[in-house]
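In what follows, a structure is listed as structure tokens, so that the remarks can point back to it.
The values are calculated or read from the model by the stated rules, or taken from the named source; none is laboratory data. Everything numeric here is computed off the predicted structure, so don't read it as measured data. Neighbour counts run over all protein chains shown; Cβ positions are idealised from the backbone, glycine included.
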């Protein structure tokens, strides 16, 4: 009998410890994380707000550094310095060497609008997870994390944008 009572008390104390610390009505609520019913809808709302800010404040010429984190060859993880002139990539260089980005990788050198496109495609295609941080002043993405399929390994996309600079001295590419 004592063993049965001890087992019941142990089970009761474990279930109390596992219960959420805040109860609202009859529904448990986590005090640390807000409940987001549709994370992709929230990601879409944030994207639209950031794009509106970017369109309002977008400089004509700018440069920034884009870096990928992935399960890939080290050369693909090197930062890329991207110079944009009138919305088009003028120059892309691998850092720290400053060597031009190889021609077969030119698609990786995205203007800020290209980063917005990538985020929008992830939302439209209902990726498992889309987490983005945006610059408070200009609205460009500073950190992008996309997991297209939760059941698939190593297909996640992680990008960070840093060293954003408004550039007034950029000149268009010389025509050959």
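Residues that are modelled with pLDDT of 90 or more: find the strands (runs of 3 or more DSSP E) completely inside the stretch 1-107 holding 2 or more of those. Walk me through how you get there before you give the answer.
Numbers: elements: 22-24, 27-29, 61-69, 80-85, 88-94.
Result: 61-69, 80-85, 88-94.
Is there a residue in the stretch 112-125 that is in a loop (DSSP other than H, G, I, E, B) and within 22 Å of residue 42 (Cβ to Cβ)? Within the stretch 112-125, one or more residues are in a loop (DSSP other than H, G, I, E, B) and within 22 Å of residue 42 (Cβ to Cβ).
Against the condition under 22 Å from residue 166 (Cβ atoms), surrounded by 13 or more Cβ atoms within 10 Å (Cβ to Cβ) and either at pLDDT 95 or above or in contact with a strand residue (DSSP E or B) (Cβ under 7 Å, 6 or more places away or on another chain) (or both), how does residue 123 come out, does it pass?
No, not satisfied.
Identify the residue in the stretch 126-148 that is in a loop (DSSP other than H, G, I, E, B) and at pLDDT below 95 and, among all such residues, is farthest from the chain's Cα centre (by Cα).
It comes out as 126.
Can you name every residue in the stretch 149-169 that is surrounded by fewer than 19 Cβ atoms within 10 Å (Cβ to Cβ) and outside any loop (DSSP other than H, G, I, E, B)? Answer for the stretch 149-169, where residues must be surrounded by fewer than 19 Cβ atoms within 10 Å (Cβ to Cβ) and outside any loop (DSSP other than H, G, I, E, B): 157, 158, 160, 162, 163, 164, 165, 166.
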